[in-house]
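Asks: This is the structure, below, for whatever I ask next.
The values are calculated or read from the model by the stated rules, or taken from the named source; none is laboratory data. Computed from a predicted structure; not experimentally measured. Please note: Cβ atoms are built from the backbone with ideal geometry, for glycine as well, and neighbour counts cover all protein chains shown. Heavy atoms of the whole protein, side chains included, go into the accessibility calculation; ligands, DNA and RNA do not. Shrake-Rupley method; radii C 1.70, N 1.55, O 1.52, S 1.80 Å.
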Amino acid sequence: MSSSLVPQLPIAGGDAHDPAPRAPTDWTTGAMERRIRRRYAAERRFRLLGLAAVVLSAAFLAYLLLTMVAQGAAGFTRTQIRTPVDLAAARLPIDPARAQGRGADLALAGAGLESAVDAAAGRAFGPGLLSDGAWLVVRDAIKRDPALLGRAETFVLPASDPIDVAWKGDGTAEAEATVARLAQRGVISRGFNTTFLTSADATDPTRVGIWGAFKGSLLTMLVTLALAFPIGTLAALYLEEYAPRNRWTDLIEVSINNLAAVPSIIFGLLGLAVFLGTFGMPRSAPIVGGLTLALMTMPVIVIAGRNAIKGVPPSIRDAALGVGASPVQVVFHHVLPLALPGILTGTIIGMARALGETAPLLMIGMRAFIAAPPDGIGDPATVLPVQIFLWSDEVSRGFVEKTSAAILVLLVFLLAMNGVAIWLRNRFETRW
């Protein structure tokens, strides 16, 4: 065997130019102990900083929630005054038979019921103490029992906005003196404000309600989900499973990624130009709001859907193909059900963003004063974020608590929607 192939072993003692072998670290020296102490101290500081950041964030969140609950809780209550109303003495020109059935509202309004209730309250306590909608409580009572037109009765009627604010501790000196006088007589109290949950917008803060905006948000979200979820899911399936890899596909992918970061006001301008300007669809309708928000939500669903489809192991596809499934069956019977939890996660994120959007809906006219809840997706409507925005701009003090109460309703709506989506995601989730 050639000597050139024999490995050269180091000679004992080594070459004179070789570096001396490194001595092992002595961890018992004072310098090393100081380095270790500094390292442990830096680690403790980092841990404390992280804990302080979490505590500070939780404190800000708790302060925000407590502030909204403290201010919004008053919005779910109203001040009421026990008011005697002698309908027999008022002698309203209306037949009791017309006080029920169709046309009863118009008949009672035309008979001067509102003036009779205001006059009775003025004689009992003074003018300007009842809400503009107090007579509606009497009207509804008469519709249930027309015999009230022939006798005197005491009704619990909502107070006016200055009295309501003063009873809750933030009114003028004159209003607080009036409240003290009413409290001394034992005729003023606080009750649950059912009107806030069953009515739509109004100019009087004692008559406003959130039901119109809530129903508008619900219809808008249904349109958004019905369009964005199936189209976004199918687009993700096509791009990930069927689309060829070429420059056109790359252009589409880049465009979708860019659309996910476009400001929402741009989608509002697009909806204004296309849906209202070109197609002439009804302004301030849930169908237009849903179409606009679907355009904004769809890129988020596509990106989340593609990532979820990529996460399905290739062995699932190979096994399905191995037992004779067609490519379409592999995708829709195996890949899609396993990717559905991830797709639902992206849908939750997109829908939560859409629910809180205001700018694109303002562009398509959903900031109008809507005094009646919508009956369908083509009727004029507003949504909760826009309603909150409009109330926050009102001068009247009574709208402050209504704004906070509407924010609480929006948070509950968001939590409920996310809860349903999370339940669906957990139901379809599969671990391997």
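Asks: Does R139 satisfy being open to solvent by less than 60 Å² (accessible area, probe 1.4 Å), farther than 13 Å from Q80 by Cα and not hydrophobic (A, V, I, L, M, F, W, C)?
Replies: yes
Asks: Taking the range 392-413, which residues are touching a Ser or Thr at 6+ places or on another chain (Cβ under 7 Å) and closer than 18 Å to A175 by Cα?
Replies: G398
Here is a yes/no grid of residues against (1) of a type outside the set (D, E, K, R); (2) surrounded by fewer than 16 Cβ atoms within 10 Å (Cβ to Cβ):
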position: L64; (1), (2): yes, yes
position: G72; (1), (2): yes, no
position: P84; (1), (2): yes, yes
position: R91; (1), (2): no, yes
position: R102; (1), (2): no, yes
position: D105; (1), (2): no, yes
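Asks: Can you name every one of the helices (runs of 4 or more DSSP H) wholly within the range 151-225 that holds 2 or more residues which are under 22 Å from V409 (Cα atoms)?
Replies: Answer list for the range 151-225: 161-167, 194-198.
Asks: Among residues belonging to the range 190-240 that are crowded, with 17+ Cβ neighbours inside 10 Å and more than 24 Å from the chain's Cα centre (by Cα), point out the one that is farthest from G271 (Cα to Cα).
Replies: That would be E240.
Asks: Would you please name the residue that is nearest to G365 (Cα to Cα), looking only at residues in the range 406-424 that are at pLDDT below 90 and surrounded by 18 or more Cβ atoms within 10 Å (Cβ to Cβ)?
Replies: M417
Asks: Can you tell me which condition R245 does not meet? The list is (1) touching a residue at least 24 places away in the same chain (Cβ under 8 Å); (2) of a type in the set (D, E, K, R); (3) open to solvent by 50 Å² or more (accessible area, probe 1.4 Å), and all the others hold.
Replies: (1)
Asks: Looking at the range 27-60, which of its residues are open to solvent by 60 Å² or more (accessible area, probe 1.4 Å), of a type in the set (S, T, N, Q) and modelled with pLDDT under 90?
Replies: T28, the sole residue that qualifies.
Asks: Sticking with this structure for a sec: Within the range 143-165, take every residue that is closer than 16 Å to F125 by Cα and hydrophobic (A, V, I, L, M, F, W, C) and give me the one that is most open to solvent (accessible area, probe 1.4 Å).
Replies: Among those that are closer than 16 Å to F125 by Cα and hydrophobic (A, V, I, L, M, F, W, C), it is V156.
Asks: Something else about it: Looking only at residues that are in contact (Cβ under 8 Å) with a residue 24 or more places away in the chain and part of a helix (DSSP H, G or I) in the range 267-282, which one is surrounded by the fewest Cβ atoms within 10 Å (Cβ to Cβ)?
Replies: Here the residue is L269.
Asks: While we're here: Could you identify the single residue in A339, A325 that is out of contact with any Ser or Thr (no Cβ under 6 Å at 6 or more places or on another chain), open to solvent by less than 30 Å² (accessible area, probe 1.4 Å), free of Cβ contacts under 8 Å to residues at least 40 places away in the same chain and outside any helix (DSSP H, G or I)?
Replies: A325 is the lone residue from the list that is out of contact with any Ser or Thr (no Cβ under 6 Å at 6 or more places or on another chain), open to solvent by less than 30 Å² (accessible area, probe 1.4 Å), free of Cβ contacts under 8 Å to residues at least 40 places away in the same chain and outside any helix (DSSP H, G or I).
Asks: Among E401, E394, which is the only one that is touching a residue at least 12 places away in the same chain (Cβ under 8 Å), surrounded by fewer than 17 Cβ atoms within 10 Å (Cβ to Cβ) and more than 15 Å from G289 (Cβ to Cβ)?
Replies: Of E401, E394, the one residue that is touching a residue at least 12 places away in the same chain (Cβ under 8 Å), surrounded by fewer than 17 Cβ atoms within 10 Å (Cβ to Cβ) and more than 15 Å from G289 (Cβ to Cβ) is E394.
Asks: If only one of I256, I265 is under 26 Å from L410 (Cβ atoms) and out of contact with any strand residue (DSSP E or B) (no Cβ under 6 Å at 6 or more places or on another chain), which one is it?
Replies: Just a single option satisfies the conditions, and that option is I265.
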